[in-house]
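Participant: What follows is a structure written as structure tokens; I'll ask about it next.
What follows is calculated from the coordinates using simple rules that are stated; it is not laboratory data. These figures come from a predicted structure and were not determined experimentally. Every residue, glycine as well, gets a Cβ built from its backbone with ideal geometry; the counts of neighbours run over all protein chains shown.
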Amino acid sequence: MFIFNFFAGKAVRRFKFKNSFIMMRKYLVVYEKTKTGYSAYVPDLPGIAATGKTKLKVEKNIFEGIQFHLEGLKEEHYRIPRASAESEMLVFTL
């Protein structure tokens, strides 16, 4: 398994690996603290969500959920959704 984090501008990347090209997409994941731990969801992949007692656990769960979902879409020859969600932190004076 390969985990790549990209912080550059484009949502789709191609890399040459062992004489073949790998297409990669990045998706925004939203993490929220809950009363019992953490939850996460992916705005560009409706229905993909995960929970966990720790942030590390929810990160693992959401990664596996996204991976499983994308593999299923590819296997059934469905279109892989493009990432369009963006986020930004705003700072306010109080």
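Participant: When the residues of segment 45-74 are narrowed to those that are more than 14 Å from residue 26 (Cα to Cα) and polar (S, T, N, Q), which ends up surrounded by the fewest Cβ atoms within 10 Å (Cβ to Cβ)?
Facilitator: Looking at the filtered set, the residue picked out is 54.
Participant: In addition: For segment 26-40, which residues satisfy the criterion of being surrounded by 13 or more Cβ atoms within 10 Å (Cβ to Cβ) and either in contact with a helix residue (DSSP H, G or I) (Cβ under 8 Å, 6 or more places away or on another chain) or part of a loop (DSSP other than H, G, I, E, B) (or both)?
Facilitator: The answer is 26, 27, 28, 29, 31, 37, 38, 39, 40.
Participant: Any residue in segment 53-72 that is farther than 17 Å from residue 23 by Cα and assigned to a loop (DSSP other than H, G, I, E, B)?
Facilitator: yes
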